[in-house]
1. Using only C-alpha atoms and all pairs of different ones, pull out the Kirkwood radius for the range 86-129 in Å with one decimal.
2. Can you work out the base-10 log of I(q)/I(0) for the range 8-124 at q = 0.12, 0.14 1/Å, using the Debye formula on its C-alpha atoms alone?
3. What is the local net charge at Thr11, summed over the other residues whose Cβ is closer than 15 Å to its Cβ (Lys, Arg +1; Asp, Glu -1)?
4. For Arg280 and Tyr157, FRET efficiency with R0 = 35 Å and r from the beta-carbon atoms, rounded to 0.05?
5. Between His126 and Arg339, what's the calculated FRET efficiency when r is the beta-carbon distance and R0 is 45 Å? Round to 0.05.
6. Would you mind checking Lys312/Lys336; Lys166/Lys205; Lys229/Lys336; Lys28/Lys304; Lys214/Lys312; Lys166/Lys229 for any pair whose Cα atoms are more than 30 angstrom apart?
7. Rounded to the nearest 500, what is the chain's calculated 222 nm mean residue ellipticity when only DSSP H runs of at least 4 contribute -39500 (n - 2.57) each, over all residues?
8. Just to verify a number: FRET efficiency for Leu290 and Gln101, C-beta to C-beta distance, R0 = 22 Å, to 0.05?
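Computed from the coordinates by the stated procedures, all read-outs in this text should not be read as laboratory data. Source: prediction; values computed, not measured. With ideal geometry, Cβ positions are generated from the backbone for all residues, glycine too; neighbour counts draw on all protein chains shown.
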Amino acid sequence: MSTIAKRAFVTGITGQDGSYLAELLLGKGYEVHGLIRRASSPNTARIDHLQSDPHDARSRLFLHYGDLTDGSGLAKLIQAIQPSEVYNLAAQSHVKVSFDQPIYTSDITGLGTARMLQAVRETQEHSGQPIRFYQASSSEMFGKVVESPQTESTPFYPRSPYAVAKVYAHCITVNYRESYNLHASCGILFNHESPRRGDTFVTRKISRAVGRIKVGLQDKLYLGNLDSKRDWGFAGDYVEAMWLMLQQERPDDYVVATGVTHSVREFCERCFSRVNLDYRDFVEIDPRYLRPASVDYLLGDASKVRTTLGWKPRVSFEGLADMMVDSDLELAQQEKSARDAGHEYVGHY
């Protein structure tokens, strides 16, 4: 039998980032443990392919029920698993939803991180074995930016309950690093997307609509501010930066970005042109999708992560948009075929 080099614990493993990170870690020989919430219907679609064959080496994936609101439960899990690395990716991560549910968002995204850190600290002190911790920080913390591009030292100016909660999570991670000598690093990740992105997020909402419009299942796409600009990259690239941070001798904070910004309008244009359509014929503005306080422009300076970790993005903006449209066009064709046959279509993610 091969020796398991490392054991990782991942919160948010059923999400976009968690699924790509699980693939990466399993490919590197890790034993991977993931935190999932109990639900009445399965929510593991993004990682089901990693568990499909019990005889495959990737069956080193283990899932545990738990919740970031349960500090004692998290502590028991960490103590039982004894991971060498912990990746805290779980959050209520939808900006619009955070305005509707600010208290819940604060509890999960903010205090949930404090509970995780305390569980790691207690386990490390009890066992004497070091645990390396990764916190998923967000470019939304920069909010109403005071300088461009944004670096690790750019002041935060959060503009949503989600962003405020992420600032707390980021700062409490730095505090635990400095107070308790934890190897805790924060990745300030700018927008990163993929075919596994939830379809309520604007990029996936666009690519999903493009596929459905192309095959005749949808007529219009309703969006908010088309002029908002973001630094968009591929989630599969960004999880590699997470892993690299925990391989360093010293913990630190890193901006992870492409260094290029594009508007929502540009993303629409690229996605619709992929299927030979003009976005202007299908996209309409709906005030319901405008936020009380918006973030208009984000652009990351990833010089530090490139220089220190040797990381760089592989997938371009155009490649990302094409990848997402191609995937969602295939899903739309499956949906149409199912409907034409009179069957119920069960989508993905």
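1. Working: mean 1/r = 0.0865 Å⁻¹.
It is 11.6 Å.
2. -0.43, -0.58
3. Working: positive: Arg7, Arg37, Arg38, Arg46, Lys76, Arg115, Arg132, Lys166; negative: Asp17, Asp67, Asp70, Glu85, Asp107.
Here the charged neighbours net out to +3.
4. Numbers: r = 33 Å, r/R0 = 0.95.
Taking R0 as 35 Å, the efficiency between Tyr157 and Arg280 is 0.60.
5. On the way: r = 56 Å, r/R0 = 1.24.
The calculated FRET efficiency here is 0.20.
6. Values: Lys312/Lys336 38 Å; Lys166/Lys205 24 Å; Lys229/Lys336 33 Å; Lys28/Lys304 24 Å; Lys214/Lys312 34 Å; Lys166/Lys229 20 Å.
Over 30 Å Cα-Cα: Lys312/Lys336; Lys229/Lys336; Lys214/Lys312.
7. Details: 11 runs with 135 residues, N = 349.
Mean residue ellipticity at 222 nm (helix-derived): -12000 deg cm²/dmol.
8. Working: r = 18 Å, r/R0 = 0.82.
The value I calculate is 0.75.
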